[in-house]
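Student: I am attaching a structure below and will ask some questions about it afterwards.
All of the numbers you see were taken from the coordinates with simple rules; none came from a lab. All values reported here derive from a predicted model rather than from experimental measurement. In this analysis, Cβ positions are derived from the backbone assuming ideal geometry, glycine residues included, and neighbour counts consider all displayed protein chains.
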């Protein structure tokens, strides 16, 4: 049900972007934060949208949408996070990356690096970094998913368990103050958990839209990694839980104003 012309514009923007923050929506519509919150309330009440901490999405996106669509969601934000993280990785170091849109952006930001050793289950990341700048790329085997082109399962987990790397990096679908890191698929969660265990530095990269979401499967608690890189300060409950766990919080600032 569309209640007004502005409601229709909100739904149009959501169809284009998948998820959008309240602050960004206010700027796009040229209205105040209070007006946007008032506008989205009836859309949430009738089930037209899904409300999260500081953001809204379409109900169909409560589970993860297809990989290519997710690459377009919050793309500028993910690029800014990836650029910040890439600057912390030095030439000649080893990096393990799971499949995900933010890790795919990170792979592209690493194209300026040399002599990296990369371990991944993502064919997208492997194609991006293999055969350039003296890199060595090791890809986990197994059946490739038609959506993401990534390998999962026992063979993929066993393969990456043989490596110890400088930087073990995952992207994540949901961050909750109590449940910790969560994902929407059992095999992806199991693989991500193994990746985090293989690095001298264990890093989670995610944009702010994942804060306050509830996934299906827990990857680990907030004490299961050493650092979280994102683009905005997390909600108060998540920030407090991170501080209590001892995880370092890094917030990227870039051209988009994050």
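Student: If the elastic network links every pair of Cα atoms under 10 Å, which of 44, 173, 30 fluctuates the most in the Gaussian network model of the chain?
Tutor: With Cα springs under 10 Å in the chain, the top fluctuation among 44, 173, 30 is at 30.
Student: Same structure again: Measure out, as a whole number of angstrom, how far apart the alpha-carbon centroids of segment 98-127 and segment 138-190 sit.
Tutor: 14 Å
Student: Which of these, 212, 47, 224, has the largest mean-square fluctuation under a Gaussian network model of the chain (Cα springs below 10 Å)?
Tutor: In the Gaussian network model the winner is 47.
Student: Can you put 132, 40 in order, fewest other beta carbons within 10 Å first?
Tutor: So the residues, fewest neighbours to most, are 132, 40.
Student: Using 0.36 nm times the number of residues separating residue 16 and residue 4, minus their current alpha carbon distance, what extension gain do you get?
Tutor: 2.4 nm
Student: Rank the residues 157, 49 as a footprinting-exposure proxy: fewest other Cβ atoms within 10 Å of their Cβ go first.
Tutor: Going from least to most buried by this count: 157, 49.
Student: When DSSP beta bridges are limited to those with both residues in the chain, what percentage is antiparallel, rounded to the nearest 5?
Tutor: Around 35 percent antiparallel, to the nearest 5.
Student: What ranking do 202, 24 get, fewest neighbouring Cβ atoms within 10 angstrom at the top?
Tutor: Ranking 202, 24 by Cβ neighbours within 10 Å, fewest first, gives 24, 202.
Student: For the chain, with a Gaussian network of springs between Cα atoms less than 10 Å apart, report the residue from 36, 175, 95 with the top mean-square fluctuation.
Tutor: 36
Student: A further question follows. Report, in deg cm²/dmol and to the nearest 500, the calculated mean residue ellipticity at 222 nm for the chain, where each DSSP H run with n ≥ 4 adds -39500 (n - 2.57) and the sum is divided by the residue count.
Tutor: Helix contribution divided over all residues of the chain: -11000 deg cm²/dmol.
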